[in-house]
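Let me begin by presenting the structure, written as structure tokens, before commenting on it.
What follows draws every value from the coordinates through simple rules; no lab data is involved. All values reported here derive from a predicted model rather than from experimental measurement. Heads up, the Cβs are rebuilt from the backbone with ideal geometry, glycines too, and the neighbour counts pull from every protein chain shown.
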Amino acid sequence: MRPRLLRRLDPVSAGAALFVAGLLLVAGSRDVFWSGDFFGEVFHPAYLPLIRGNWHAFLHHLPGYASFTVLLGVPATLTAGALGGAETMIFRLLALPGLLLLAVLGGVLGSGARRAGRAGWPLVVALGAGGPLAYQTLLYGHPEDLLAAAAAVLAVLAARDGRTTTAAVLLVVGVAAKQWAVLAIAPAALAAPRGGLRVALVAGAGAATVVGAQMLLVPVAAGALTSTGGLFHPHQLWWPFGITAPEEFTAAGHGVRTAPAWLQPLTRPLIIGGGVALAGLWWARAGAGRERDDALALLALVLLLRCALDPWNLVYYQLPCALALVAWETRRGRPYPIVTLAFTAATWLSFVTYGERETDGPFLLYMSWAAPLVVALALVLFGRPATRRARAAAPLPA
């Protein structure tokens, strides 16, 4: 018997979502030797020694997302080694779980839109299955973010439909893939018609175990969770506070500005604390009669703020927010996912088309659309209760 989540899939939407996943896999893994993070951050220091049987080197060079690297990286690497494969095969095996879960998300959302007779269901499938931002995530060499993003949004959907155990498991899977998925715990708990506390407790305990083990066993994971270090990109709120980078920092390709010392330990706690505060505010403001589908708007807002407040903000950071937006628009009955399309186009323009990273131009362009979207989502969530439903049902200004 199929799980209840998969019973909602119709063959057409499921087939289209799987086609998108296959297209992303092929297009996003054509060359894993470029300057993306996979080759330099994981494959060369960790997976290559593992292929040669050097477990000590593998364990010594685990990245901050060590759970993903161990739980999925070890079987993928050993399988590729046994089959005579190497870099590309390992990368594709690592990308498969995330792409398949994205296909489930796109298929579930597309099936709902198609059953409702909405003309925009193909767009829902394409964007729900990852779309252009999943492609950028693969190009940047981060298949773990595909899995974390899909698991986080599916967890909120599962909680909204009363499947608390499924939601909690998905949240733990998301955190094991990438630690930022802890931001989905509060929205998932608030989305549940019943058992929200159980979602929060089970997922919170599982996430704490995963993160605690990583911080204990992998020193670089502890550093990544408590500090953003010196990396400093222009597509974020702190850009005007950057300081001139040392010559060796710029020569290494990290840019002309770096984060001031006071900022480095501040942003991670601010992102987590802000997410919890926004969830608490929505719970207090909307009360028991809240529109629980709007938990997806809460998730989108929290994830967008995570991007804007993170000095490392890169194009693939926007993927989870795009998935939350398309899920929200679909569950709220929009005929077309206009906000998600606008968000995706703006992200592509800001990060890909306009590739500048040293002047104030990228900062101004990014904030010109990210800040209004933050305000619009906040109005949906925290507007007057009497007008909140009408405002949520109307399309956000693109």
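Kindly put F232, F58 in sequence by how many other C-beta atoms sit within 10 Å of each C-beta, fewest to most.
Values: F232 27, F58 22.
The most exposed by this proxy come first: F58, F232.
Take the chain, mark every one of the GluC sites (Glu not before Pro) that falls in a DSSP loop and has at most 12 other Cβ within 10 Å, then report the longest stretch left between them, sites excluded.
Numbers: sites that count: E356, E358.
Value returned for the longest uninterrupted segment is 1-355.
Expressed as a whole number of Å, what is the distance separating the alpha-carbon centroids of segment 7-77 and segment 351-385?
After rounding, the separation between the Cα centres reads 30 Å.
Packing-wise, with mean Cβ within 10 Å as the measure, how do 68-74, 47-53 rank, highest first? Walk me through the numbers before you get to the answer.
Numbers: 68-74: 21.0, 47-53: 18.0.
Taking the mean over residues of other Cβ atoms within 10 Å, the ranking is 68-74, 47-53.
So if R0 is 30 Å, what FRET efficiency would T79 and D37 give, r being the distance between their Cβ atoms, rounded to the nearest 0.05? Display every interim value, and only then the final one.
Details: r = 22 Å, r/R0 = 0.72.
After rounding, the FRET efficiency stands at 0.90.
Considering amide H positions built from the backbone, and no H for Pro or chain starts, which residues 5 or more places from R257, or on another chain, come under 5 Å of its amide H?
A245
Neighbouring Cβ atoms within 10 Å as the yardstick, rank H56, H233, H142, H61 fewest first. Don't jump to the answer; show the numbers that get you there.
Working: H56 8, H233 22, H142 28, H61 19.
Lowest to highest Cβ neighbour count: H56, H61, H233, H142.
Go through segment 69-85 residue by residue and turn each phi into a ³J(HN,Hα) via Karplus (6.51, -1.76, 1.60, θ = phi - 60°); whole Hz please, and just put x for glycine and proline.
Karplus values, whole Hz, x for Gly and Pro: 5, 7, 5, 10, x, 5, x, 5, 5, 5, 5, 4, x, 5, 8, x, x.
Listing I90, I271 from the residue with the fewest other Cβ atoms within 10 Å to the one with the most, what is the order? Before the final figure, lay out the partial values.
Numbers: I90 26, I271 21.
By the 10 Å Cβ count, ascending: I271, I90.
Quick one: what Rg and Dmax do you get for the chain from the alpha carbons, in Å?
Both quantities, over Cα of the chain: 20.3, 64 Å.
Each residue of segment 24-31 in turn: what ³J(HN,Hα) in whole Hz from Karplus with 6.51, -1.76, 1.60 and θ = phi - 60°, glycine and Pro shown as x?
Per-residue couplings from phi come out as 5, 4, 5, 5, x, 10, 5, 8 Hz.
Tell me, what ³J(HN,Hα) does each residue in segment 93-99 have, in order and in whole Hz, if you take phi through Karplus 6.51 cos²θ - 1.76 cosθ + 1.60 with θ = phi - 60° and put x for Gly and Pro?
With coefficients 6.51, -1.76 and 1.60, one gets 5, 6, 6, 4, x, x, 5 Hz.
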